[in-house]
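Enquirer: Here's a structure for you.
The values are calculated or read from the model by the stated rules, or taken from the named source; none is laboratory data. The shown structure was predicted, so the numbers you read here are calculated from the model rather than taken from an experiment. Here the Cβ is made from the backbone with ideal geometry for all residues, glycine too, and neighbour counts use every protein chain on show.
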Amino acid sequence: MSEEPDYTPETEPAVAAEIFGAGIEKARAYANALIKDGDELGLLGPREMPKLWTRHILNSAVVAELVAPGKKVADVGSGAGLPGIPMAIAQPEAEFTLIEPMERRSNWLIDQVQQLGLQNVRVLRARAEDVGEAFDIVTARAVSALPKLLRLTVPMTRHGGEIIALKGSKAQEEIDDSKNLMKKLDIHSFEIVFTGAQHLAEPTRVVRTRLF
């Protein structure tokens, strides 16, 4: 007989308190909400629970290193609030808008923002292409391949702004596939950046796309 898989939620790593600082209690409450609601609402499946902190919460939070105080940030296809909520907790001096088209998920996000007391976060139930605002920074995690993502997000990014996409080992391939869009979308440059190197065994890889 094969053993039942162990889906016990990951214990909070010690480094979480360093990453979140004064916001650690909010991060803990958010982790508990994901454990409680994740599977039922299709936010995070049970097999993600053993890596809840390292792969999802901390992996997202360290991207806040790239966000200066006062910036307006949009998180596209926010879903479970990743990376937007951990980033907003880690960088309370920037404004975050979580953009999510699915009603039950956007309602859950609204509830989380209220429960966690996140004064710097609002939720917008919309598709990226229907957002009529411009942001300094647009973030995305597990939304789509970079060429498609850029077509969706460049129109909502102000001139001189940037798109920060959390990516895996094929980041350079996705950049190569996007280079033919540079002129059309007024893209200045692409850069692969690793965030959280001082805290995480596996830093978070992002593709940073800057616009003219």
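Enquirer: Tell me, which helices (runs of 4 or more DSSP H) lie completely within segment 42-147 with 1 or more residues that are at pLDDT 95 or above and more than 24 Å from THR11 (Cα to Cα)?
Expert: Hits in segment 42-147: 103-116.
Enquirer: Give segment 89-146 a look and list any residue that's among the hydroxyl-bearing types (Ser, Thr, Tyr) and within 23 Å of LEU211 (Cβ to Cβ), or say none.
Expert: THR97, THR139, SER144
Enquirer: For segment 153-164, indicate whether the set of residues that are surrounded by 22 or more Cβ atoms within 10 Å (Cβ to Cβ), farther than 20 Å from LEU34 by Cβ, without any contact (Cβ under 8 Å) to a residue 60 or more places away in the chain and of a type in the set (A, V, I, L, M) is non-empty.
Expert: yes
Enquirer: Consider only pairs whose beta carbons are under 7 Å apart and that are at least six residues apart or on different chains; among these, list those whose first residue lies in segment 81-93 and is touching a residue at least 24 places away in the same chain (Cβ under 8 Å) and surrounded by fewer than 24 Cβ atoms within 10 Å (Cβ to Cβ) and whose second residue is in a loop (DSSP other than H, G, I, E, B) and β-branched (Val, Ile, Thr).
Expert: Going by the 7 Å Cβ cut-off, the qualifying pairs are GLN91/VAL67.
Enquirer: How many residues are under 18 Å from PRO13 (Cβ atoms) and either in contact with a Lys or Arg (Cβ under 7 Å, 6 or more places away or on another chain) or in a strand (DSSP E or B) (or both) when one looks only at segment 195-210?
Expert: 2
Enquirer: Go through the residues of segment 155-165 one by one and say whether even a single one is at negative phi and in a helix (DSSP H, G or I).
Expert: Yes, there is a match, as at least one residue in segment 155-165 is at negative phi and in a helix (DSSP H, G or I).
Enquirer: Just give me the residues in segment 128-182 being out of contact with any strand residue (DSSP E or B) (no Cβ under 8 Å at 6 or more places or on another chain) and under 16 Å from LEU98 (Cα atoms), in sequence order.
Expert: GLU129, ASP130, GLY132
Enquirer: Next question. Determine whether segment 98-121 contains at least one residue that is touching a Phe, Trp or Tyr at 6+ places or on another chain (Cβ under 7 Å), more than 25 Å from PRO155 (Cα to Cα), of a type in the set (A, V, I, L, M, F, W, C) and surrounded by fewer than 23 Cβ atoms within 10 Å (Cβ to Cβ). Spell out how you get there, then give the answer.
Expert: Going through segment 98-121, the residues touching a Phe, Trp or Tyr at 6+ places or on another chain (Cβ under 7 Å) turn out to be 112, 116, 120-121.
Now narrow it down to the ones that are more than 25 Å from PRO155 (Cα to Cα): 112, 116.
Next, only the ones that are of a type in the set (A, V, I, L, M, F, W, C) stay: 116.
Filter once more, keeping what is surrounded by fewer than 23 Cβ atoms within 10 Å (Cβ to Cβ): 116.
Within segment 98-121 (the criterion being touching a Phe, Trp or Tyr at 6+ places or on another chain (Cβ under 7 Å), more than 25 Å from PRO155 (Cα to Cα), of a type in the set (A, V, I, L, M, F, W, C) and surrounded by fewer than 23 Cβ atoms within 10 Å (Cβ to Cβ)), the answer is yes, since at least one residue qualifies.
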